[in-house]
Every structure is written in structure tokens, then in C-alpha cells.
Amino acid sequence: MSDAKQPIYLDYSATTPVDPRVAQKMIPYLTEQFGNPASRSHSYGWTAEEAVENAREEVAKLVNCDSKEIVWTSGATESINLALKGAANFYKTKGKHIITVKTEHKATLDTVRELERQGFEATYLDVKDDGLIDMSAFNAALRPDTILVSVMFVNNEIGVIQPIAEIGEICREKGIIFHVDAAQATGKVPVDLQALKVDLMSFSAHKTYGPKGMGALFVRRKPRIRLEAQMHGGGHERGFRSGTLATHQIVGMGEAFRIARLEMAAENERIRMLRDKLLDGIKDMEEVYVNGDLTHRVPHNLNISFNFVEGESLIMGIKELAVSSGSACTSASLEPSYVLRALGRNDELAHSSIRFTIGRFTTEQDIEFAIKLIKERIQKLRDMSPLWEMYKDGVDLNSVQWAAH
Amino acid sequence: MAYSNKVIDHYENPRNVGSFGKDEDGVATGMVGAPACGDVMKLQIKVGADGIIQDAKFKTYGCGSAIASSSLVTEWVKGKSIAEAGQIKNTQIAEELALPPVKIHCSILAEDAIKAAIADYQAKHGGALKEAAE
């Protein structure tokens, strides 16, 4: 992957390549085994249905639930929409209050905003400086009319793991529906739905080496969770989600999750070693800050701010690496990451952050190349930065009267 | 970001990066922008006894087009009189670098940096070159 024209891919939290073993397994279901799994009258349909049910079994096994609790969707965004809108609308006679967190993915935040427009009330919890939920703030936010709580398992930007088990206990005791967005968690942290008191959980295939456009929603049967369907039609997926099943995509997700179950323990240790190597390689540079807690964190994520260097020029400076920036400078809005702002980072540090996410096909050489490049280019940009010069001269940047523009 | 080749060239090979000694003769400094807005430019000019800008240096914290805009103006002001340098317009900078619309503010900042450096020069050197600066 060190080809000069193709940058080294260190953006596995954005998406992953489909594992070649997964792609192999998918292909026959596009051509020979093309049947509609809902066809009951011939073998084309039966074969497709069997493949779909085997995949459902594999997804269920990774997260230790019953395969009857898995509903296929087009991805985590759809799963989250179905879970939140479906539960809120079904249980609206019980109350109208929803709790979520400021650092959630937009799929959750925007869905909750929509529910607010429909008349629900929402609390968006702050997080602590390390990115984790403050449980006392969570407890304080609970109301007698709270019907739904939605918290992500693993944050997509900073990789921190939220206290899902603890929140689940509280929600179950109070009879509140608990949804967890686990798009970034599968294959990274063990998920045990027999132990976790989670009612609804959203999954994505393409974050775990499966195909894009594929996801699933876990809907607990004991105690039984009801949802109002958001997609109406032929009554597929026990009425939860109508639409002809995409057999090849489902087969891909099943195989991807099967591989994750078998290989995640060894894979995560290898990836953790690479992440630690990357961190060790750059942590001695001056004025670098790791964003988010390092212990309650998935092994493949490193989010770092390089002070006195602006985010977009930083991305341009390390263009041999495919990484994400915490700054949306490439859009017209020039907005720093709302996740880093929620951690209490100032605009400058939020603007100068880079998310490195390591994955299955990252090599040690990739990391060594990245360390060397980062050090060299950050130095070049700092040599060009008047802020770095002032910092080196001992000027307190907060005391400077900046000319507004 | 779809940048022109000129922006990329100035970003990758910036001209005249650095600083003059603060007390060097004929040196004036313009610093504009703010860290919270995402760009700060420091432009320094070194003016000869004849009122001609002999040398210029810059340091910029900002995006690729902010760096390119300031690099470009250090090239442009060299050899110009104070008065001529004061005539450089942001539209010329934006046109030369083919800046996308969302980056026009970078060229405005570069023009402001020239004006700030000239103002600093005039403040330090009183009315000696007033005529030239008008």
C-alpha cells in the first residue's frame, strides 16, 4: 500500500475495504444464486433464504443474541432511524423525553432533532474532558417521562468506549428503552447482548470489512421491544422493515462478522501494537495532545492535535496519508469538530486535529513511514507558523490582541 | 480540495519564509488574522533608504491558500516602492492563484497584511516617505 500515487490508508473508521474473503463469498449471490429470499415456490428462493438465515446467525453470534432478534437494514443510519423513531412513536403514550449525548454521530443527533420537531423533548448530555459520559449527569437528566436513551458504544472520532453496561442497568430498572449505536464497535470490542441490558443496537457492515449499504438492527425479544415500522410494504423482516432483501450484501455482512468473531482477539492485539508504535513515534514532539481517554478506547484509534498548525494545511502537508481531520475546513463552513469542542478543546486545537484509524491491512512499514512523514511535515509547517514563533519566544497567545477579520 | 497548481506550488515550495531581526534597519511588520478564525499572517518588509522594498518575509498559520497568498505577496512587493505595494489588491491575488470562492478571504487577509506592514513602516519612519506612501 506504499505506492507513491495511492496514499497509505489510515482512515479505517471512515470505512474499510471489503475483505477479499467476504467479496468471494458475495459474488455467487449476484449471478448464479440470484433468487429472491421471499420466493417460497422454488429452489432459487430457498437457496437465497438459507444464505440470508446463515448470515443472520453469524451476525447474532458476534454479539451473542438470538438470530430472530436481528433485522436487516441498509446501514447503521437506517438502523438508528428505525430504532429511535420506531421506539419513540410506539411508546409515546408513556412519555416524551429522550436522552442522548452531544458527541453522538449525526445519524443519532439529527434523528433526535426530528423527533423534537414531532413534539418529543430531548436532553443532549455533555461529556467529560476525556470524552466519556459523566454518570452523575446522566442520572440527573433522567425524568419520570423519559422513554428512550441513545448512546454510542464507541465514538467515531476519538474511539472512546462509553459505559454501556452501567447505563443499561439504570435504563432497565426504570423501564426506559435503551438504544446503542454500535457501528464502530463490532470487531473492536466484545459485545455480549446476553449480559448487556440493551434493547436496541445498530450495526454497520462496512466498518467491519463488509460491504457498504448494509446494516442490521438488534431488537430484543425478552423483554420484548416493539417498534413502529418506518418502511412499509411487503412485510419483510417480520414487518419491521419491508423491502426485498439484498442477499449478496447480507451474505457479505454475515461473512464479515464471522471473520470478526474468529479473528478479532488476535487482530486487535496487532493493531494495538501498531497504534502504540504510532503514538510512541510522535508523542515526544512538542505541543501534541491526544484527544479522548486512552484506556477506555478501541485499539485502532489515535486522535491527536498538533498545536500551532492549521488543520487543512496539515492534511495537505501529509497528503501521502489518507486520514481524517477534526476540522471541516474543506467545506465552506470552516467549523471545528463538534466532538472535540464537546471535550472542551479550544478552536485552534480542534482545528489542528488528525484522526488516525488503523486496520486489518495496515503494516508496520506503513506506521514507520507515517511517523517520519508527520515529524518532518509538522516541523515544516511550524517553521512557517507565526504562532509557533511566538510560542517559542515565550509570548502568551491568549494575551495577544488579534485583529479581527 | 481542488486547488490550482499555483496554490499547490506555493504551498509546497513557499517563497521567503522566515523573519527579519526585530531591530534591523528599515524592517516593518504587519500581523493580521486571529487563531480562532483559522488564519494568522505575519508579513515583514525591509525598505531601503530610497523607499524601495528590498526584501520581504512571511510566516502564516492557515490553510493552503492562506499560505500561498502570503507567499505570493512576498514575491510581488519586492522591488516595489511603498506606494506601489500599497496598490496590490486582493482581487489580483485571488485571480493569480485561481482561489475558489470559499477561500477569497485569504487574499483579503494578504492585502491587509501588506497594508499593516506599510502602516508599521510609516509609524516607525514618520513623515520621511509620506509622499511616496500617499
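Every number in this text was worked out from the coordinates using simple rules, so none of it is lab data. These numbers were taken from a predicted model, which means no experiment stands behind them. All Cβ positions, glycine included, derive from the backbone under ideal geometry; neighbour counts span all protein chains shown.
At 0.36 nm per residue, and after removing the present C-alpha to C-alpha distance, how many nm does the segment from A:E269 to A:R221 gain when stretched out fully?
Values: separation 48, 0.36 × 48 = 17.28 nm, distance 3.41 nm.
Length difference between fully extended and current span is 13.9 nm.
Relative to the first principal axis of the alpha-carbon coordinates of chain A, what is the inclination of helix A:247-282, with its axis defined by its Cα atoms, in degrees from 0 to 90 and to the nearest 10?
Taking the Cα atoms of chain A, the angle to A:247-282 is about 20 degrees.
What is the calculated FRET efficiency for B:H125 to A:W402, with r their C-beta to C-beta distance and R₀ = 25 Å, to the nearest 0.05?
0.50
Determine which lysines satisfy two conditions relative to A:K174: a Cα distance under 22 Å, and not lying fewer than 8 residues away in the same chain.
A:K85, A:K92, A:K94, A:K96, A:K197, A:K222
For the stretch A:1-85, take N as its residue count and report Rg(C-alpha) divided by 2.2 N^0.38 Å.
Scaled against compact globular proteins, the figure is 1.43.
So for the protein assembly as shown: antiparallel DSSP bridges make up what percent, rounded to the nearest 5?
65 percent
Calculate the mean, over all residues of peptide A:309-315, of how many other protein chain Cβ atoms lie within 10 angstrom of the residue's Cβ. Working shown, then result.
Values: counts 2, 11, 3, 10, 12, 1, 3.
Mean inter-chain Cβ contacts per residue within 10 Å come to 6.
Expected output is a single nm value to one decimal: the length gained when fully extending between A:Y338 and A:T244, i.e. 0.36 nm times separation in residues minus the C-alpha distance. What is it?
30.1 nm
Taking other Cβ within 10 Å of each residue's Cβ, how do A:D145, B:D120, A:D199 sort, fewest first?
A:D145, B:D120, A:D199
Using just the C-alpha positions of the stretch A:249-405 as equal point scatterers, what log10 of I(q)/I(0) does the Debye formula give at each q in 0.11, 0.14, 0.20, 0.21 1/Å?
Evaluating at q = 0.11, 0.14, 0.20, 0.21 Å⁻¹ gives log10 I(q)/I(0) of -0.51, -0.78, -1.35, -1.42.
Using a cut-off of under 16 Å, list every residue of the stretch B:82-106 whose amide N is near the label point 7 Å from the Cα of B:S4 along the Cα-to-beta-carbon line.
So the set is B:89-106.
Semi-axes of the equivalent ellipsoid of the protein assembly as shown: what are they in whole Å, largest first, if each equals the square root of 5 times a C-alpha gyration tensor eigenvalue?
Working: eigenvalues 572, 124, 85 Å².
Each semi-axis is the square root of five times an eigenvalue, giving 53, 25, 21 Å.
Show me the ranking of peptides A:192-198, A:31-37 by mean Cβ neighbours inside 10 Å, starting with the highest.
Answer by packing, highest mean first, reads A:192-198, A:31-37.
With a 10 Å Cβ neighbour count serving as the proxy for reagent exposure, in which order, fewest first, do A:E287, A:E49, A:E69 appear?
The order, fewest Cβ neighbours first, is A:E287, A:E49, A:E69.
Determine which aspartates and glutamates satisfy two conditions relative to A:K277: a Cα distance under 15 Å, and not lying fewer than 8 residues away in the same chain.
A:E269, A:E364, A:D366, A:E368
Taking each residue in B:57-70, count the Cβ atoms of any other chain within 10 Å of its Cβ, then average. What number comes out? Don't skip to the answer; put the middle values down first.
Values: counts 0, 2, 9, 7, 16, 9, 12, 7, 3, 3, 8, 1, 0, 2.
Going residue by residue through B:57-70 and averaging, the value is 6.
Of A:K61/A:K106; A:K25/A:K102; A:K212/A:K375, which pairs sit farther than 30 Å apart, going by alpha carbon to alpha carbon?
A:K25/A:K102; A:K212/A:K375
Report, in degrees rounded to the nearest 10, the 0 to 90 angle that the Cα long axis of helix A:106-117 makes with the longest principal axis of chain A.
Compared with the principal axis, the helix lies near 70 degrees.
For the stretch A:67-211, what class follows from the C-alpha gyration tensor (a ≥ b ≥ c being the square roots of its eigenvalues): rounded when a/c is under 1.5, otherwise prolate if a/b is larger than b/c, else oblate?
Here the stretch A:67-211 falls in the rounded category.
If the cut-off is a Cα-Cα distance under 25 Å, which lysines reach B:K124, setting aside same-chain residues fewer than 8 apart in sequence?
B:K22, B:K42, B:K46, B:K57, B:K59, B:K78, B:K80, B:K89, B:K115
Starting from the 7 Å offset along Cα-to-Cβ, what nm value, one decimal, do you get for the label separation of A:K319 and A:E173?
It is 5.6 nm.
Determine the sum of side-chain charges near A:K392: Lys and Arg each +1, Asp and Glu each -1, restricted to other residues whose C-beta is under 13 angstrom from that of A:K392.
Value of the local net charge: -4.
Would you mind giving the average projected area, over all directions, of the Cα convex hull of chain B in nm² with one decimal?
7.6 nm²
Per residue of A:346-354, what is the mean number of Cβ atoms on other protein chains within 10 angstrom of that residue's Cβ? Kindly include the intermediate steps, with their values, before the conclusion.
Numbers: counts 2, 5, 7, 1, 0, 6, 3, 0, 0.
The per-residue average across the peptide is 3.
Grab the beta carbon distance between A:D192 and A:E53, set R0 = 25 Å, and tell me the FRET efficiency rounded to 0.05.
According to the calculation, E is roughly 0.65.
What percentages make up the Cα-Cα pair-distance distribution of the stretch A:208-247 when the bins are 5 Å wide from 0?
6, 18, 25, 23, 16, 11, 2
For the Cα atoms of chain A, what angle does the longest principal axis make with the long axis of helix A:364-383, in degrees from 0 to 90, nearest 10?
So the helix axis and the longest Cα principal axis differ by about 40 degrees.
Taking the C-alpha atoms of the stretch A:186-307, how large are the radius of gyration and the largest Cα-Cα span, Dmax, in Å?
In order Rg, Dmax, the Cα atoms of the stretch A:186-307 give 19.0, 60 Å.
If R₀ is 56 angstrom, what is the calculated FRET efficiency for the pair B:A49 and A:R113, using the beta carbon separation as r and rounding to 0.05?
0.30
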